[in-house]
1. Does LEU111 satisfy the criteria of being among the aliphatic types (A, V, I, L, M), at pLDDT below 75 and assigned by TED's automatic domain parsing to the domain that holds CYS159?
2. Here's a check for you: in region 274-306, which residue that is modelled with pLDDT under 85 and of a type in the set (A, V, I, L, M, F, W, C) is nearest to LEU333 (Cα to Cα)?
3. Which residues, counting only those in region 44-70, are without any contact (Cβ under 8 Å) to a residue 40 or more places away in the chain and over 18 Å from ARG142 (Cα atoms)?
4. Under the condition of being hydrophobic (A, V, I, L, M, F, W, C) and surrounded by fewer than 14 Cβ atoms within 10 Å (Cβ to Cβ), which residue from region 197-215 is nearest to ARG344 (Cα to Cα)?
5. Any chance region 160-178 includes a residue that's of a type in the set (D, E, K, R) and touching a Gly at 6+ places or on another chain (Cβ under 8 Å)?
6. Quick check: anything in region 260-273 exposed (fewer than 14 other Cβ atoms within 10 Å of the Cβ) and either at pLDDT 80 or above or in the same structural domain as GLU201 (by TED's automatic domain parsing) (or both)?
7. Checking ASP184 against (1) acidic (Asp, Glu); (2) surrounded by fewer than 18 Cβ atoms within 10 Å (Cβ to Cβ); (3) modelled with pLDDT under 90, which test does it fail?
8. Kindly evaluate ALA87 against the criterion of being at pLDDT below 65, out of contact with any Lys or Arg (no Cβ under 8 Å at 6 or more places or on another chain) and not assigned by TED's automatic domain parsing to the domain that holds GLY190.
Amino acid sequence: MTGHQLPFHIRILKAELEKRKDRNRRYSMRAFANFLEMDPSALSRVLSGKLDLSLQASCLILKKLDLNAVDARLFVAAVSEDKRNRAAAVLTRALDPSLLADVEFDPRFELIVTPPENVGLTPKDGLSISNDIISVMDLSGRFLHVNLTTAKRLLRVPCELVGETWNDTEVGEQAANILESQQDDFLKSGVEKIFTFSLGEGAATRYFTRLISPIFQQDGTMLAFASTIRDVTIDQLLWIANDQLLASTSEEDLFKILVSSAAPIASSCTLLLDESAGESSYTALSESQESVSMSYKMIVPLKEPGSDSELGRLILSNPAPFSTAAGQFAERLARSAVLIMTSRSRNQQRA
């Protein structure tokens with residue numbers, strides 16, 4: 001590749017290095033790397049075209065270099081183009097090239113890495129808090145493609161992530177270590193694998209499943225892998241709540257569990273009961289939200305199956321609007337509690 005054929009950002013960096021060497025014959029690659037706050041070996045690989053720059057790194061470099069506005073825009077554009085070319089070069093060897101007109105944004109491309117419904121993941125029943133986090137990665141764990149959901153979760157645009165690993169993102173050290181470890185396990189096995197994991201603590205805990213599938217070349221060797229991460233927090237919380245409701249030792253205990261189980265979706269939850277049910281209400285309030293104005297409310301009636309009469313009402317309050325998933329979660333939670341209460345009442349009558 002001649003100097004003129006090199007990407008614009010590499011030509012700029014090479015020219016800057018030569019300019020500094022002309023001023024000082026003892027000026028070295030290491031000194032230039034220190035000036036740019038880069039690893040010398042990484043800079044050498046970038047200049048030789050063997051390693052692409054992240055957009056984050058390119059922005060840091062632009063702060064160091066005295067480029068005019070036009071050259072600065074061309075520099076960033078060249079970095080983005082280089083990333084797309086590298087991703088397309090790998091993916092074209094395994095996938096239909098017609099899908100790669102725009103690797104980062106073509107929605108058809110996601111059909112390749114969207115798992116079928118029979119792979120053991122949670123069904124799409126409308127209770128997932130978010131859309132799937134979909135990506136394609138090379139065997140070194142660098143992104144070749146991410147969907148918009150992934151980019152939004154990482155507070156980036158899709159093309160910025162191409163060429164980076166989980167550790168290069170803002171996903172957090174705990175999550176990055178878990179995801180990288182899963183990829184290591186997958187690469188050792190060489191076969192499709194499903195992982196389950198959780199992130200966060202207490203009421204902030206979120207639960208996920210992850211499907212990692214190999215992408216093979218025609219000769220049978222693995223070229224890359226597709227990753228689909230699904231947020232199954234709502235389903236997991238329902239399982240946990242149902243187990244606790246079933247384990248309740250009294251009706252009062254059940255009511256308290258019902259109210260506390262709503263903590264992940266509401267800042268305050270109150271259960272108002274019919275007067276015949278004894279104590280009139282149960283309330284759970286997050287300590288961190290005691291002084292916060294609750295502008296939004298959701299009311300979920302507790303009704304016996306096939307009856308219009310209400311046993312009570314679950315009233316949830318929040319400073320922010322409730323999501324559709326939160327509403328579905330509350331309805332299923334209330335329905336589970338009513339079914340357990342009804343079943344126990346019938347058993348007592350038979351006894």
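The values are calculated or read from the model by the stated rules, or taken from the named source; none is laboratory data. No experiment lies behind these values; they were computed from the predicted model shown. A quick note on method: Cβ atoms are made from the backbone with ideal geometry, for glycine too, and the neighbour counts reach across all protein chains shown.
1. So LEU111 fits the description; yes.
2. That would be ALA284.
3. SER44, LEU47, SER48, CYS59, LEU60, LEU62, LYS63, LYS64, ASP66, ASN68, ALA69, VAL70
4. Only one residue fits best here, namely ALA203.
5. No, region 160-178 contains no residue that is of a type in the set (D, E, K, R) and touching a Gly at 6+ places or on another chain (Cβ under 8 Å).
6. no
7. (3)
8. Yes: the conditions hold for ALA87.
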